[in-house]
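Novice: Here's a structure for you.
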Amino acid sequence: MEEVPLEAPLSPAQGSRDPEGAAAGARITVDSPEAMQALGRSIAGLLRPGDLVLLTGELGAGKTTLTRGLGEGLGVRGAVTSPTFVIARVHPSVRGGPALVHVDAYRLGGGLDEMEDLDLDVSLPESVVVVEWGDGKVEDLSEDRLHVVIARAVGHEEVLDDVREVTVRGVGERWASPGLLAGLGAVAAG
């Protein structure tokens with residue numbers, strides 16, 4: 001994995017809106033599903049109860065693979081699979097840490113109003129809530145959140161099929177500490 005410090009906001013052409021109040025983040029090149037899972041384990045080491053993580057990326061980009069790594073890093077029970085058809089899954093911790101609430105908002109057209117039926121606001125204080133396809137839908141749950149954008153690398157398809165560019169950005173006071181996200185790629189690679 002290769003990491004590039006991210007100082008400037010992303011442009012719309014790079015596939016993400018720059019969230020207001022975004023702290024510096026990291027841009028990481030991931031070259032395999034195993035590396036994506038390792039990155040998830042690294043991010044899990046930064047998470048604590050009450051954290052909200054938004055995952056953005058096209059179908060098949062690696063959002064669930066990253067979440068599988070988050071689950072491994074948090075030490076949760078159960079196989080982390082895509083919750084597309086059940087909308088949300090709760091994975092309790094097997095070692096006394098926070099539960100992982102994994103939400104797939106792909107089929108949900110509305111914003112936070114439609115998400116209220118999932119009681120995410122109740123789960124958030126004691127869990128880590130990860131929302132795939134959550135952009136524009138769940139930001140109001142927390143002023144502090146982590147945005148992870150996964151994009152396929154552009155190039156020769158046969159060579160770059162598994163290569164992803166992952167941008168990790170913290171929003172809010174929780175993620176404002178300089179260097180909090182620094183070294184994420186290096187930790188994931190090791």
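Novice: With each label point set 7 Å from Cα along the Cα-Cβ vector, what nm distance links S32 and V154?
Specialist: So the label points at S32 and V154 sit 2.7 nm apart.
Novice: Determine ³J(HN,Hα), in whole Hz, for all residues of the stretch 139-147 in sequence, where each value follows from phi through the Karplus function 6.51 cos²θ - 1.76 cosθ + 1.60 and θ = phi - 60°; x replaces Gly and Pro.
Specialist: So the J values, rounded to whole Hz, are 4, 6, 5, 7, 6, 10, 7, 10, 9.
None of the figures in this text is laboratory data; all of them are computed from the coordinates on show. Note that the structure is predicted; figures quoted are calculated from it, not measured. Positions of Cβ are generated from backbone atoms using ideal geometry, with glycine treated the same way; all protein chains shown enter the neighbour counts.
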